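*Asks:* Here it is, the structure, as structure tokens.
The values are calculated or read from the model by the stated rules, or taken from the named source; none is laboratory data. Everything numeric here is computed off the predicted structure, so don't read it as measured data. Here Cβ is always computed from backbone atoms with ideal geometry, including for glycine, and neighbour counts include all displayed protein chains.
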There are 2 protein chains.
Amino acid sequence: MLEKIDLDKKMGKKEFQEKYEELTYKLGELQRKYKECRIPLIIIFEGLDARGKSQIINNLLPSLDPRGFKFFYIQEPTEAEKSKPFLWRFWTKTPPKGLMSIMDKSWYKEIVLKRVDEKGSNGISYPEIKAFERQLAQDDNVLIKFFIHTSKNKLEDRIKDLKKEENFPQILKENLKEKSEKYDDYISAFEEMLESTDSDYAPWAFVEGNDIEFATIKVFMLLINIMESKLSEHNSSKGIQEGIKMFDPKISELSSSILDKVDLTQDIEKDEYGKELDKCKERLSSLAYDLYNKKIPAIIVLEGWDAAGKGGLIRRATSAFDPRFYNVIPIGKPNDWELSHHYLWRFWNEFPEKGNIHIFDRSWYGRVLVERVEGLASVGEWKRAYKEINEMEKSFVNSGAILIKFWLHIDQEEQRKRFKAREETEYKQWKITEEDWRNREKWEEYKVAVDEMLYRTSTSYAPWNIIEFNSKKFGRIKAMKKIIEAFEKRL
Amino acid sequence: MLEKIDLDKKMGKKEFQEKYEELTYKLGELQRKYKECRIPLIIIFEGLDARGKSQIINNLLPSLDPRGFKFFYIQEPTEAEKSKPFLWRFWTKTPPKGLMSIMDKSWYKEIVLKRVDEKGSNGISYPEIKAFERQLAQDDNVLIKFFIHTSKNKLEDRIKDLKKEENFPQILKENLKEKSEKYDDYISAFEEMLESTDSDYAPWAFVEGNDIEFATIKVFMLLINIMESKLSEHNSSKGIQEGIKMFDPKISELSSSILDKVDLTQDIEKDEYGKELDKCKERLSSLAYDLYNKKIPAIIVLEGWDAAGKGGLIRRATSAFDPRFYNVIPIGKPNDWELSHHYLWRFWNEFPEKGNIHIFDRSWYGRVLVERVEGLASVGEWKRAYKEINEMEKSFVNSGAILIKFWLHIDQEEQRKRFKAREETEYKQWKITEEDWRNREKWEEYKVAVDEMLYRTSTSYAPWNIIEFNSKKFGRIKAMKKIIEAFEKRL
């Protein structure tokens, strides 16, 4: 496919200058419209290039309002980045609403390199990338992927020219040389990439890159073209979202509730509790050091009814850990900056360093619980969240992290008692508000949401653990044993 | 000093449990008050400890609302952190208003290590640290510095115990051993630290650390004590700010204006401009690669009158740079998240990676220009900003960065012409707003502010360059030559 394309299309300097000015003006207008409509835009540049890409980018950036974009040059991942899931450094660079992220190289860089080097799988796959792009597109991000292509001759000419440029960075020179030597391997890797990842919501835009003037103008024209068409889609019917087949929720057909089957009468004697607790803590303390030594990150997700006992469990479990190597991440209402990104963005940001344990006090499941019940997310948003969450958790687990999810379960009567007790104990009063009582009135709606969550997001790689918490003592021991079990399984 | 202290104070388990609960309750209340009053709080833990510090921290953290603090374990700086100014990784961890940053080890770690190792200066000094603490305190941050001290015997006991704990991380074991072997050196380094950096606004709180229960209760009591007293200071007269002698502004006594002396008639022929521009670009392009090869970061600050020509200069200068290694940082109104931090926080965050060039389109000087003139900063705030800015720039330069500051100067008549031209050119209309005309009416007030800024922040390490921009062509060439000169000087 790539070899048949005529890469030598040219443009005169004069024609270039005229068009460049006209297109710059149009692009500026579009950028302002995107800001008004609060559409996030991601532009990536891939390709086999002989400096062409850099020059095109340097023609593009000054024609944009610098307050409206961030530019990223994607290099080799750092040691810290290598210990995160592959997509972590791209998720954390996604733009807030109305702004742009522009990247020289992207999430395709490593996968193409892998294909060329044939050094076997490093856990990255096109389905994972496609899920990432789909998730962004469904959240109204516009993705524009440029592929700048250059002929082998052009590459070789460039390498000859560079011999004279003494201070051109050595590492970039070697890069070019390697690309020229393995030109054919790169071409076939790129062909696979283009074929596997061209989609309605994130199409590739092809640019013949031998002549910089021609390529620059083509990039501008394609950019304007795609931006305009996505803008009209945005203004009409949110076409992208409808176009994609959504995960079909069939929960109404579920005849039984998972929660109804939970036996909440289970309890534990006080003495036994004390002994078990000490044993669990000792074991957890030791296992946590093992995780640190083996550089395995762990994520513990705590969800549950209000007053189920999340705080108490967290205090017991963390007292076993070395504070240098764990963090409690409380998840509340997102702030404005978080709201202006994809809802999963803030959770990607909180992925633990290697060997560390992150305990999420509430989590990304807010999307399908409180946001669903309170109408803070649209039906489309929370329905597709099950799949998005599963995909994210799969990325986490595939990258080598331990992921443990708990639903702390109590019944309605037990919750009423605990709320009352809080109201009556002076130093606990701040913990109970009108809102808690209001949420309680929606118990049934929440129950439907919890049931559907448990059903749709219990996967082989990240199953839910339902913990009976009518007896806090029983619940704590059971939960801590589950954590021990999960840690032991990996060690 | 340290050797004379009785470190063996003890507390029984029962007394501990009772006090712990009472103090936890008090601390919770105080934390909520700090949140209400939007006071940022920084707590650091230093000391020679035999695991005591970790255990104390693990007693402290669960007694706090996890939504209200972030905990940081300060390790060896990463490669990326090493290339930044020493204080960079601490500035970026300062808390927003109403929240806490708690650190195990802190900015004192490296300086103490340096003293012990005697490996000569690494550019960190106590005055720099004191300036940092003073700046935070003046911005209403409460700083609490704990020094946890342990006897040599206790340290040795701990090392013996650890031999049995196989999975306790090896690196931490070696750390303890090294501390025990060089105990006396550490003691004298710590004594110097305590003496040099004890201040009204950031006092050291000493804790005898041999007995964990005693030490925990003492930490809680000191914390509550200091938090209460700082809270009442905050509620009364903002005592901290008044207590510190402020840099005394004497600008009214300046009889002449720096700006008035600038010769704005200078110009350059069109042909010569074209030639000079090409020469400058070529030289800049080459020098920028040299900076990259030598890993030197560079910061270019652009300030100037509205319509002076910042955008045009940026476009010309950056067209010479490789887009992979530069960034334009446009500085506008701070967002809510930025506003909830010290005003210098967002600029520390934007310090360039090694070998990269950051061009600030407006900068931290907004504090003494627009914020002063428009009354967005209090008189106390903008007056002490001169000193704070000088200190920050000194940190930048001391860490090895190049810092170049430009004031682009035009006269009032030239500005009027350019505003009119913008209004009359269709594709430039978005660039001119009512606000620009309103700002223009305050020309004289701005001029006083600019003059004072030039006077007070032209330092030997970061002088201002006033560039005559009535002729844009003349100005661009002059500015680019200044950049070339500054780069050449360092290479």
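*Asks:* Looking at (1) touching a Lys or Arg at 6+ places or on another chain (Cβ under 7 Å); (2) surrounded by fewer than 20 Cβ atoms within 10 Å (Cβ to Cβ); (3) within 30 Å of B:SER63 (Cβ to Cβ), which is the only condition B:PRO96 fails?
*Replies:* (1)
*Asks:* What tally of residues in region A:1-48 results from selecting those that are away from chain B (no Cβ under 12 Å) and either assigned to a loop (DSSP other than H, G, I, E, B) or exposed (fewer than 13 other Cβ atoms within 10 Å of the Cβ) (or both)?
*Replies:* Here the count works out to 18.
*Asks:* Give just the number: which of (1) modelled with pLDDT of 95 or more; (2) touching a Lys or Arg at 6+ places or on another chain (Cβ under 8 Å); (3) under 21 Å from A:SER363 (Cα atoms) does A:LYS431 not satisfy?
*Replies:* Of (1) modelled with pLDDT of 95 or more; (2) touching a Lys or Arg at 6+ places or on another chain (Cβ under 8 Å); (3) under 21 Å from A:SER363 (Cα atoms), only one is false for A:LYS431: (1).
*Asks:* Against the conditions (1) under 18 Å from the mean Cα position of the chain (by Cα); (2) more than 14 Å from chain B (Cβ to nearest Cβ), where does A:LYS114 fall short? Just the number, please.
*Replies:* Result: A:LYS114 passes all but (1).
*Asks:* Working only within region A:419-446, note down all residues that are basic (Lys, Arg), surrounded by 16 or more Cβ atoms within 10 Å (Cβ to Cβ) and more than 14 Å from every other protein chain (Cβ to nearest Cβ).
*Replies:* Selection gives A:ARG440 alone.
*Asks:* When you scan region A:129-158, how many residues do you find that are in a helix (DSSP H, G or I) and either touching a residue at least 40 places away in the same chain (Cβ under 8 Å) or within 14 Å of chain B (Cβ to nearest Cβ) (or both)?
*Replies:* The qualifying residues number 14.
*Asks:* Just one of (1) over 24 Å from B:CYS280 (Cβ atoms); (2) over 28 Å from the mean Cα position of the chain (by Cα) trips up B:TYR455, so point out which.
*Replies:* Against the list (1) over 24 Å from B:CYS280 (Cβ atoms); (2) over 28 Å from the mean Cα position of the chain (by Cα), B:TYR455 comes up short only on (2).
*Asks:* To continue, here is another question. Can you tell me which of (1) farther than 18 Å from B:TYR25 by Cβ; (2) at pLDDT below 90 is the one B:PRO85 doesn't meet?
*Replies:* It is condition (2) that B:PRO85 fails.
Matching residues to (1) in contact with a His (Cβ under 6 Å, 6 or more places away or on another chain); (2) part of a helix (DSSP H, G or I); (3) more than 14 Å from chain B (Cβ to nearest Cβ):
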position: A:LYS164; (1), (2), (3): no, no, no
position: A:LYS173; (1), (2), (3): no, yes, no
position: A:ILE187; (1), (2), (3): no, yes, yes
position: A:SER196; (1), (2), (3): no, yes, yes
position: A:SER199; (1), (2), (3): no, no, yes
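*Asks:* Also: Please enumerate the residues belonging to region A:274-302 that are closer than 30 Å to A:TRP443 by Cα and either within 14 Å of chain B (Cβ to nearest Cβ) or more than 26 Å from the chain's Cα centre (by Cα) (or both).
*Replies:* Applying the first criterion (closer than 30 Å to A:TRP443 by Cα) to region A:274-302 yields A:299-302.
Listed by number, the residues that qualify are A:ILE300, A:LEU302.
*Asks:* How about region A:177-203: which of its residues are buried (at least 18 other Cβ atoms within 10 Å of the Cβ) and free of Cβ contacts under 8 Å to residues at least 60 places away in the same chain?
*Replies:* Within region A:177-203, A:SER180 is the sole residue that qualifies.
*Asks:* Mind counting the residues in region B:434-451 that are touching a Phe, Trp or Tyr at 6+ places or on another chain (Cβ under 8 Å) and of a type outside the set (Phe, Trp, Tyr)?
*Replies:* 4
*Asks:* For region A:447-467, give me each residue that is surrounded by 13 or more Cβ atoms within 10 Å (Cβ to Cβ) and hydroxyl-bearing (Ser, Thr, Tyr).
*Replies:* A:TYR455, A:THR457, A:SER458, A:THR459
*Asks:* What residue, of A:LYS405, A:LYS481, is of a type outside the set (Ser, Thr, Tyr) and surrounded by fewer than 20 Cβ atoms within 10 Å (Cβ to Cβ)?
*Replies:* Step by step, each of A:LYS405, A:LYS481 is checked, and only A:LYS481 is of a type outside the set (Ser, Thr, Tyr) and surrounded by fewer than 20 Cβ atoms within 10 Å (Cβ to Cβ).
*Asks:* Also: If you go through region A:434-450 one residue at a time, do you hit one that is closer than 30 Å to A:ASP271 by Cα and assigned to a helix (DSSP H, G or I)?
*Replies:* Looking through region A:434-450, none of the residues is closer than 30 Å to A:ASP271 by Cα and assigned to a helix (DSSP H, G or I).
*Asks:* Then there's this: Being touching a helix residue (DSSP H, G or I) at 6+ places or on another chain (Cβ under 6 Å), without any contact (Cβ under 8 Å) to a residue 40 or more places away in the chain, crowded, with 18+ Cβ neighbours inside 10 Å and facing chain B (nearest Cβ under 9 Å): is that true of A:PRO62 here?
*Replies:* On the way: touching a helix residue (DSSP H, G or I) at 6+ places or on another chain (Cβ under 6 Å): yes; without any contact (Cβ under 8 Å) to a residue 40 or more places away in the chain: yes; crowded, with 18+ Cβ neighbours inside 10 Å: yes; facing chain B (nearest Cβ under 9 Å): yes.
So A:PRO62 passes the test.
*Asks:* When region B:367-381 is examined, which residues are found to be modelled with pLDDT of 95 or more and under 16 Å from the mean Cα position of the chain (by Cα)?
*Replies:* B:ARG367
*Asks:* Still on this model: Which one of these is at pLDDT 95 or above and either touching a Gly at 6+ places or on another chain (Cβ under 6 Å) or among the small types (Gly, Ala, Ser) (or both): B:LYS482, B:LYS472?
*Replies:* Going through B:LYS482, B:LYS472 in turn, the sole match is B:LYS472.
*Asks:* Might you check whether a residue that is at positive phi and not basic (Lys, Arg) occurs anywhere in region B:308-320?
*Replies:* Of all residues in region B:308-320, those at positive phi come to B:309.
Then keep just the ones that are not basic (Lys, Arg); that gives B:309.
Yes - at least one qualifying residue is present in region B:308-320.
*Asks:* State whether one or more residues within region A:316-335 are under 19 Å from A:ALA377 (Cα atoms), under 27 Å from the mean Cα position of the chain (by Cα) and modelled with pLDDT under 90.
*Replies:* Narrowing region A:316-335 to residues under 19 Å from A:ALA377 (Cα atoms): A:331-335.
Within this subset, residues satisfying the condition of being under 27 Å from the mean Cα position of the chain (by Cα) are A:331-335.
With the extra rule that they be modelled with pLDDT under 90, the set shrinks to A:335.
Yes: one or more hits.
Residue-wise test of (1) surrounded by fewer than 18 Cβ atoms within 10 Å (Cβ to Cβ); (2) of a type in the set (Phe, Trp, Tyr); (3) touching a helix residue (DSSP H, G or I) at 6+ places or on another chain (Cβ under 8 Å).
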residue	(1), (2), (3)
A:MET100	no, no, yes
A:SER106	no, no, yes
A:LYS130	yes, no, yes
A:GLN135	no, no, yes
A:ASN141	no, no, no
A:ASN153	yes, no, no
A:LEU162	yes, no, yes
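*Asks:* Which helices (runs of 4 or more DSSP H) does region B:303-386 wholly contain that include 3 or more residues that are within 13 Å of chain A (Cβ to nearest Cβ) and surrounded by fewer than 20 Cβ atoms within 10 Å (Cβ to Cβ)?
*Replies:* The helices (runs of 4 or more DSSP H) meeting that bar are B:310-318, B:336-339.
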